[in-house]
Structure formats: C-alpha cells, structure tokens
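In what follows, a single structure is set out as structure tokens and then discussed.
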Amino acid sequence: MNFRILMISAAMAATAGTVWAKLPAAPADPAKAAEAKAKADEAAKKDAEKLGKSQDRAVANYRKNKGIKGPLPKVGGK
C-alpha cells in the first residue's frame, strides 16, 4: 500500500512539474515594469541608508566599549 502511494505521489509531482514548465510567461506591461523598477530602486536606496546608519551605530558602540577615542579613520583612502 505504501509503495503505491509513493509511486502515485512521484507521478503527480513529475506531471505537475511538466505542466508548470509549459505555462507561458505573463505579458509584461512596460509602464508597470518601469514603476516596479522605480519602487525597487527606491527601496534599495532606503535599505542602503538604513544599513549605513546601523553600521555607524555598531562602530560607535564598539569604539565606546573598547575605550577608543579620537576621530574615525577614513575608509578607502578618501
């Protein structure tokens, strides 16, 4: 009985995979694609700013706990 269930499940999984593979891609609307790209770019910019702020807080906390005083070293030789 368990062998039958296993074989039927494997057959169903293989069939589902081939059916999904043959579905056509949804038509892309250029206006919606541009809007989605602009939203993604804005979100990435906000995420980068949040990451920079959190990194600055982490550095400040590290320097405070280690007792390091003085200005922050410049990164990248700028």
>> Consider the stretch 1-45. How many of its residues are part of a loop (DSSP other than H, G, I, E, B), at pLDDT below 75 and among the small types (Gly, Ala, Ser)?
In response: 2
>> Report every pair of residues separated by at least 6 positions or lying on different chains whose Cβ atoms are under 9 Å apart, first residue within the stretch 57-68 and free of Cβ contacts under 8 Å to residues at least 60 places away in the same chain and of a type in the set (A, V, I, L, M, F, W, C), second open to solvent by 80 Å² or more (accessible area, probe 1.4 Å) and part of a helix (DSSP H, G or I).
In response: Ile68/Tyr62
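Quick check on the stretch 32-78: of everything there that is among the hydrophobic types (A, V, I, L, M, F, W, C) and open to solvent by 70 Å² or more (accessible area, probe 1.4 Å), which residue is nearest to the chain's Cα centre (by Cα)? Quick ask: steps written out before the conclusion?
Here is the first cut: in the stretch 32-78, the residues among the hydrophobic types (A, V, I, L, M, F, W, C) are 33-34, 36, 38, 40, 43-44, 48, 51, 58-60, 68, 72, 75.
Now restrict to residues that are open to solvent by 70 Å² or more (accessible area, probe 1.4 Å): 51, 68, 72, 75.
Working: Leu51: 14, Ile68: 35, Leu72: 31, Val75: 26 Å.
It comes out as Leu51.
The values are calculated or read from the model by the stated rules, or taken from the named source; none is laboratory data. This is a predicted model, so every value here is computed, not measured. In this analysis, Cβ positions are derived from the backbone assuming ideal geometry, glycine residues included, and neighbour counts consider all displayed protein chains. SASA here: full protein model, heavy atoms, side chains in, ligands and nucleic acids out. Shrake-Rupley method; radii C 1.70, N 1.55, O 1.52, S 1.80 Å.
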